[in-house]
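Undergrad: My questions all concern the structure below.
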Amino acid sequence: MPSWARHFPRLYDLYSLSSQHAQYNYFEYPNVTDALQRQDSHLIQLEGVLGQMDLPSWNEFKSRTAPYVTAKDKFGWPSQLFDRFHEARAYAFLKTEGYQLISWIPETSDQDTPDLCAVGPGGVVLLEAKRIHESDDENEYFMIPPDQKECREVLHAVSDQLKTKIYKTISKAKRQLSSYPTNKVYKRILYLAVRLDLNHASKRAAEELAQLFKELSDESALIVHYVENEFLI
């Protein structure tokens, strides 16, 4: 058992269920191991989020998340695992908002379904959690050796490329939320995380995003969002 296990029981539980000796196990990355040993605040916060789940929900979550502990995207990032951690934050959001009987909706191969179901005073609540990642251009930029990088201008606006991704993501989420057959649904929520390209990560861009999501929210999906990365200026 690693030394960090007693401070992070649910992260360790997830690690235990994964292929621990796989080449790309997230918990074996040196920077992650060091952060766990230091008890970094962002991991303490994540452990707290995972701890919001009741035992049946946690067992379901870790079984569907464990395969992604060793997965990498085309740029070498564990983005699918981070997508699952975002789903855990969605569960914690519902709990903080006072909803009861929160549960994961079973995943099926023949139909895209929402992630979570809960009950509130008005009836059933459905939630779909989604993340919008950085652009491929951003990831490719970070693959360039530091001495070969060119400076980029900070653009205080949401790029057209990001807007296109937003529209597609919201459209898919609304289809998922509307297609799930549940009686007495009184609210459908899209819980959305956005990771901006760093040359767009400004306060003005964040304000533009907030206004855009306000305009796109409707009865088919109340959009609750947050921006993952810090604003530069």
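The values are calculated or read from the model by the stated rules, or taken from the named source; none is laboratory data. The shown structure was predicted, so the numbers you read here are calculated from the model rather than taken from an experiment. Here the Cβ is made from the backbone with ideal geometry for all residues, glycine too, and neighbour counts use every protein chain on show.
Undergrad: Is it the case that some residue within region 184-195 is of a type in the set (Gly, Ala, Ser), modelled with pLDDT of 85 or more, in contact with a helix residue (DSSP H, G or I) (Cβ under 8 Å, 6 or more places away or on another chain) and under 21 Å from Arg89 (Cα atoms)?
TA: Within region 184-195, one or more residues are of a type in the set (Gly, Ala, Ser), modelled with pLDDT of 85 or more, in contact with a helix residue (DSSP H, G or I) (Cβ under 8 Å, 6 or more places away or on another chain) and under 21 Å from Arg89 (Cα atoms).
Undergrad: Same structure again: Being assigned to a helix (DSSP H, G or I), surrounded by 17 or more Cβ atoms within 10 Å (Cβ to Cβ) and touching a helix residue (DSSP H, G or I) at 6+ places or on another chain (Cβ under 8 Å) is the requirement here; does Thr65 meet it?
TA: For Thr65, the condition - assigned to a helix (DSSP H, G or I), surrounded by 17 or more Cβ atoms within 10 Å (Cβ to Cβ) and touching a helix residue (DSSP H, G or I) at 6+ places or on another chain (Cβ under 8 Å) - is met.
Undergrad: Of everything in region 73-93, what is in a loop (DSSP other than H, G, I, E, B) and either touching an Asp or Glu at 6+ places or on another chain (Cβ under 6 Å) or under 19 Å from Ile132 (Cβ atoms) (or both)? Give them in sequence order.
TA: Those that are in a loop (DSSP other than H, G, I, E, B) and either touching an Asp or Glu at 6+ places or on another chain (Cβ under 6 Å) or under 19 Å from Ile132 (Cβ atoms) (or both): Asp73, Lys74, Phe75, Trp77, Pro78.
Undergrad: Further question: Provide a single number: the residues in region 155-183 that are over 30 Å from Pro114 (Cβ atoms) and modelled with pLDDT of 95 or more.
TA: To start, the set of residues in region 155-183 that are over 30 Å from Pro114 (Cβ atoms) comprises 155-157.
Add one more test, that the residue is modelled with pLDDT of 95 or more, and what stays is none.
Count: 0.
Undergrad: While we're on this one: For region 125-154, give me each residue that is of a type in the set (A, V, I, L, M) and at pLDDT 70 or above.
TA: Matches in region 125-154: Val125, Leu126, Leu127, Ala129, Ile132.
Undergrad: Can we say Gln37 is in a loop (DSSP other than H, G, I, E, B) and over 19 Å from the mean Cα position of the chain (by Cα)?
TA: Against the criterion (in a loop (DSSP other than H, G, I, E, B) and over 19 Å from the mean Cα position of the chain (by Cα)), Gln37 does not qualify.
Undergrad: On the basis of being more than 18 Å from Arg84 (Cα to Cα), outside the structural domain of Ala88 (by TED's automatic domain parsing) and touching a residue at least 40 places away in the same chain (Cβ under 8 Å), does Ala5 make the cut?
TA: Against the criterion (more than 18 Å from Arg84 (Cα to Cα), outside the structural domain of Ala88 (by TED's automatic domain parsing) and touching a residue at least 40 places away in the same chain (Cβ under 8 Å)), Ala5 does not qualify.
Undergrad: On to the next question. Anything in region 68-88 that is modelled with pLDDT of 95 or more, in contact with a helix residue (DSSP H, G or I) (Cβ under 6 Å, 6 or more places away or on another chain) and buried (at least 19 other Cβ atoms within 10 Å of the Cβ)? List them, or say none.
TA: Once the filter is applied, which keeps residues that are modelled with pLDDT of 95 or more, in contact with a helix residue (DSSP H, G or I) (Cβ under 6 Å, 6 or more places away or on another chain) and buried (at least 19 other Cβ atoms within 10 Å of the Cβ), region 68-88 yields Tyr68, Val69, Leu81, Arg84, Ala88.
Undergrad: Please name all residue pairs, on different chains or six or more residues apart, with Cβ atoms under 6 Å, provided the first residue is in region 53-72 and is closer than 15 Å to Glu87 by Cα and touching a residue at least 60 places away in the same chain (Cβ under 8 Å) and the second residue is assigned to a helix (DSSP H, G or I) and of a type in the set (S, T, N, Q).
TA: none
Undergrad: Could I ask something else about it? Residues that are surrounded by fewer than 21 Cβ atoms within 10 Å (Cβ to Cβ), at positive phi and outside any strand (DSSP E or B): does region 94-112 have at least one?
TA: Yes, region 94-112 has at least one match.
A quick yes/no check of all residues on (1) surrounded by 17 or more Cβ atoms within 10 Å (Cβ to Cβ); (2) more than 19 Å from Asp137 (Cβ to Cβ):
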position: Gln176; (1), (2): yes, yes
position: Ser179; (1), (2): no, yes
position: Asn183; (1), (2): no, yes
position: Arg188; (1), (2): yes, yes
position: Tyr191; (1), (2): yes, yes
position: Val194; (1), (2): yes, no
position: Ala201; (1), (2): yes, no
position: Ala210; (1), (2): no, yes
position: Asp218; (1), (2): no, yes
